[in-house]
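Below is one structure; the comments refer to it alone.
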Amino acid sequence: MKSWKKNLLALGLGVLLILLLEASLWIVKFQRPVCESDPYVTFKESVPVLVEAQYTGETWMALNPRLRPYFNQAAFPKEKAPGARRIFVLGESSTLGFPFGDQGSYAYFLKLGLNQLDPGRTYQVINLGAFGFASYRILRVFKEVLHYQPDLIIVMTGQNEFLEKREYGASKTALFLQQKFSRFKIYCLLKTIVLKINPVQKRRLLSADVKWEKMSADPKTRAQALEHFRYNLEQMVRLASEQKVPLLFLTAPSNLKDFPPYHSLHRQDLAGPDREKWQGDFDRAQNLVSENQCREAIPVLENLVKLDGEYAENWYLLGRCDFEQGDYEGARAAFTSALEKDAWQVRALPEFNEAVLELGSEKAWVLDLAKIFDEQSPGGIPGDNLFFDHCHPRLEAQGMIAREIMARLEQLKWLGLPEDWQPFYEDTVKSYRDSLTPAFFSSAYYNLAVEIGVNMGLKDLGKKYLRLGLELAPEDPKLLQLSKTLK
């Protein structure tokens with residue numbers, strides 16, 4: 001036999017052997033946890049979000065006490081009752097319902113609306129929004145809830161992608177190849193064996209606890225974070241598709257008009273006379289804006305952004321003045337630049353929401369919530385009309401989110417609702433809001449004052465919410481103690 005035929009036969013036998021091994025691993029249902037792990041970040045430990053608990057002789061899944069600082073309390077029967085529809089809602093603190101908690105979240109309004117408008121079914125809406133969670137942590141929650149018979153998973157993410165420091169070492173090509181090979185169980189088996197022999201971990205480990213570390217948002221890191229974000233969303237789409245679970249993504253809206261950048265940085269080479277000129281003009285512009293003289297301030301601010309286009313507050317002040325002068329298009333561009341230049345990124349960047357929109361397909365549905373917030377705002381620019389702070393929706397906005405989710409699900413034929421259902425829903429929302437006590441709102445204002453005034457360092461805004469809380473509960477000891485902190 002000619003040598004090329006021998007080589008071809010050997011190659012064919014090798015491929016056949018690999019295929020037989022791969023088929024055998026599928027037959028024995030070999031689990032591939034190593035390949036399901038995030039190639040970008042590694043966690044020190046695996047702490048489940050949900051743990052088993054016994055209630056009246058029945059097994060329930062309940063929130064792991066270890067994670068109470070991040071989640072609302074949650075519990076549901078492990079086995080879904082016949083006819084029930086189970087919806088998991090995943091996301092960040094906006095989904096959690098901050099500053100109210102679950103009872104002020106869009107997940108709660110969704111449960112109220114669904115059970116009123118579709119009484120022939122029982123809807124279990126389980127809110128697993130988590131304070132400080134970025135998409136890579138939400139992905140871990142996503143994988144977990146797939147074990148509990150979901151009929152729908154809703155995800156809103158994008159606000160916390162720069163909250164924790166991470167290291168991106170592998171090249172784009174290596175990550176691409178790893179993702180492709182990870183589809184094969186034989187690759188996962190070999191990788192498991194190699195890691196057993198040489199368990200060296202080169203990447204920085206993330207603990208179960210979230211750390212507010214203010215990761216850099218320089219162009220390179222930003223591109224890597226976006227790539228990681230896309231990976232996390234794509235994994236959710238893949239996993240939901242494999243298990244035939246409907247998946248709805250929401251874009252993440254932000255307060256553009258009424259919330260300044262958290263931190264502004266100058267361009268690196270701004271020094272000497274240019275820096276002195278910039279400072280003098282900036283002080284002048286601030287005074288003009290504070291005196292409501294935007295017409296005079298606009299040319300000064302325009303020159304400032306030419307001199308230093310990296311300083312986020314330049315753009316924010318220009319946006320305020322453009323808005324006041326009725327130039328909404330210019331205002332939106334300036335406010336968006338202020339968001340993008342913010343040195344501490346805790347609002348969803350436009351490209352992150354664009355990545356969500358690109359997922360829209362038969363495998364994943366998308367609701368452009370950011371666009372809806374635009375449409376509900378004066379000049380098409382969201383501000384304090386819908387938000388408490390940089391990204392947390394007001395109670396009315398949480399109810400609106402639930403309404404828009406139901407409308408989208410009806411459009412997608414996942415949900416059947418009566419004709420003219422929206423007025424009935426609004427009545428339900430109003431009745432619920434009217435039932436809430438002053439203590440409910442004073443507690444929310446306390447949470448806002450602590451988070452914004454203490455943790456974020458914005459004392460003036462923190463004092464505003466502290467005053468609102470004290471108006472409702474003047475003798476509340478927590479509010480009185482906080483007033484000493486925010487003097």
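Between amide H atoms placed 1.01 Å from N, distances below 5 Å from LEU206 occur with THR42, PHE43, LYS44, all of them 5 or more places distant or on a separate chain.
Across region 129-145, computed HN-Hα scalar couplings (Karplus, 6.51 cos²θ - 1.76 cosθ + 1.60, θ = phi - 60°) run x, 9, 5, x, 7, 9, 4, 6, 7, 5, 4, 5, 5, 4, 4, 6, 6 Hz from first to last residue, x flagging Gly and Pro.
Sequentially through region 86-102, phi angles give Karplus couplings (6.51, -1.76, 1.60; θ = phi - 60°) of 10, 10, 9, 10, 10, x, 9, 5, 5, 6, 3, x, 4, x, 8, x, 4 Hz, Gly and Pro residues having no value and appearing as x. Note on GLN422 and ASP209: their simple-model spin labels are 4.7 nm apart, each label 7 Å out from Cα toward Cβ. With the cut-off at under 12 Å, measuring from each backbone N in region 373-405 to a point 7 Å along the Cα-to-Cβ line of LEU436 picks out 388, 393-400.
Placing dummy labels 7 Å off each Cα toward the beta-carbon, the span from GLU396 to LEU357 is 2.6 nm.
Working from label points 7 Å from Cα in the Cα-to-Cβ sense, the ARG66 to LYS78 distance is 1.8 nm.
To the nearest 0.05, what FRET efficiency results for ARG267 and THR122 with a Förster distance of 56 Å applied to their C-beta separation?
That pair, ARG267 with THR122, gives E of 0.45.
With the cut-off at 24 Å, tell me which of the pairs LYS277/LYS459; LYS244/LYS430; LYS165/LYS341; LYS165/LYS277; LYS80/LYS111; LYS143/LYS244 have Cα atoms farther apart than that. LYS277/LYS459; LYS244/LYS430; LYS165/LYS277, as the Cα separations exceed 24 Å there. Close amide H pairs (under 5 Å, H built 1.01 Å from N) link PHE387 with ARG394, residues at least 5 positions away or on another chain.
Report the net charge of residues surrounding ILE87, where surrounding means a beta-carbon distance below 10 angstrom and charges are Lys +1, Arg +1, Asp -1, Glu -1.
+2
Taking θ as phi - 60° and the Karplus parameters 6.51, -1.76 and 1.60, the scalar couplings of region 62-78 work out to 10, 4, 5, x, 4, 10, 4, x, 10, 10, 6, 5, 8, 7, 7, x, 4 Hz in sequence order, x denoting glycine and proline.
No lab work stands behind these numbers, since they all come straight from the coordinates. Only a predicted model underlies this, so the values are computations on that prediction, with no experimental measurement involved. Quick reminder, even Gly has a Cβ in these numbers, built from the backbone with ideal geometry, and neighbours come from all protein chains shown.
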